[in-house]
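The values are calculated or read from the model by the stated rules, or taken from the named source; none is laboratory data. Only a predicted model underlies this, so the values are computations on that prediction, with no experimental measurement involved. Cβ placement follows ideal geometry from the backbone for every residue including glycine, while neighbour counts extend to all protein chains displayed. Note: accessible area is taken over every heavy atom of the protein model, side chains too, but ligands, DNA and RNA are not part of it. Shrake-Rupley method; radii C 1.70, N 1.55, O 1.52, S 1.80 Å.
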Amino acid sequence: MDNIAIVVDDLAAAKAFFVELGLELEGEATVEGAAVDRLVGLAGVRSDIAMMRMPDGHGRIELTKYHSPPVLIGDSRAPANVLGAHRVMFAVEDIVDVVERLRPHGAELLGELVEYENSYRLCYLRGPAGILVALAEATG
């Protein structure tokens, strides 16, 4: 896998959120033109993208803010079991610390921080633009 793309409404906030998770900004660009229109199946595309690289250098998250055409607003508060819903999971070393560092960036727990079968501490967070992020800390 090369990357996962996430459409956001506030690119700066999304970048800050993922930097706090340990990702690095690899690059930014504005994309537009006929080739982009044909690629994504939309007309008049103009968007800013920020490519965020995983700390180990394997895999990236592409954050995309569309300026045109207008973004379709979905339910950014949709629960985790909605068809097509997705989340990105990150392995972390100190889950409580990570949650606390993400709160100033808009992160909210969906449920609770749980112990799972004496092997993981897990939680789901909602971040900028309703992004679902899961955190996992190995304990066993």
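Kindly establish whether R101 is open to solvent by 80 Å² or more (accessible area, probe 1.4 Å), of a type in the set (K, R), assigned to a loop (DSSP other than H, G, I, E, B) and touching a residue at least 24 places away in the same chain (Cβ under 8 Å).
no
In segment 4-13, what residues are touching a residue at least 60 places away in the same chain (Cβ under 8 Å) and either touching a His at 6+ places or on another chain (Cβ under 9 Å) or assigned to a strand (DSSP E or B) (or both)?
I4, I6, V7, A13
Give the number of residues within segment 70-90 that are under 16 Å from the mean Cα position of the chain (by Cα), loosely packed, with under 13 Cβ neighbours inside 10 Å and not polar (S, T, N, Q).
Matching residues across segment 70-90 total 6.
Just to be sure I understand the filter: pairs with C-beta atoms under 7 Å, separated by 6 or more residues or on different chains, first member in segment 67-81 and hydroxyl-bearing (S, T, Y), second member at pLDDT 85 or above and part of a loop (DSSP other than H, G, I, E, B). Which pairs pass?
S68/G44; S68/V45
I need the full set of residues from segment 32-43 which are outside any helix (DSSP H, G or I) and open to solvent by 40 Å² or more (accessible area, probe 1.4 Å), in order please.
At the first step, the residues of segment 32-43 found to be outside any helix (DSSP H, G or I) are 32-33, 41-43.
Answer for segment 32-43, where residues must be outside any helix (DSSP H, G or I) and open to solvent by 40 Å² or more (accessible area, probe 1.4 Å): E32, G41, L42, A43.
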